[in-house]
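Working notes for the structure below.
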Amino acid sequence: MLHEPVVEKTTDKAAPKKAKLGVIMFFIYTIVYAGFVVIGLTNPKIMGLEVLAEQNLAIVYGFGLIVLAIVMGFIYNFLCTRLEDKMNKN
C-alpha cells in the first residue's frame with residue numbers, strides 16, 4: 001500500500017499576488033468594520049435608528065459585515081483560482 005501524496009507539490013507562482021490580494025481585501029474589510037466601531041463609540045444613538053424593515057442600524061450594519069465577509073471570501077477564492085490557473089501553467 002502506497003502512502004504518498006495524491007497531488008505532486010510544486011511551487012505556487014501565484015502566491016505573492018494572492019498574498020497581496022488578501023492584504024488589500026483585509027484592509028478594505030478593516031475600514032468598513034472601523035466605521036461600525038467609530039459610529040458605536042462616537043454616537044451610539046445612531047446605532048438605534050431604524051433603517052430597514054424596522055431593524056436598527058446596528059443590526060443592519062452587523063449583518064452587512066457578515067455578508068461582506070462571506071462575499072469577499074468568494075471573490076478571493078474566485079480571483080485566486082484564476083491567478084493559479086494563469087500563472088501555474090506548465
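Where a number appears in this text, it was derived from the coordinates with a stated rule and is not lab data. None of these values were measured; they are calculated from a predicted model. Glycine also receives a Cβ, built like all others from the backbone with ideal geometry; neighbour counts cover every protein chain displayed.
In this rough spin-label picture, where each label sits 7 Å from Cα along the Cβ direction, the Phe78-Ile59 distance is 3.0 nm.
Here, the chain is characterised by an Rg to Rh ratio of 1.23, where Rg is the alpha-carbon radius of gyration and Rh the Kirkwood radius. For Lys86, the aspartates and glutamates whose Cα comes closer than 20 Å to its Cα, not counting residues fewer than 8 places off in the same chain, are Glu8, Asp12. If the segment from Tyr33 to Leu21 were pulled out straight at 0.36 nm per residue, it would be longer than the present Cα-Cα gap by 2.5 nm.
When Rg and the Kirkwood Rh are both derived from Cα coordinates, the Rg/Rh ratio for region 6-46 amounts to 1.40. The C-alpha atoms of the chain define a longest principal axis, and helix 57-87 lies at about 20 degrees to it.
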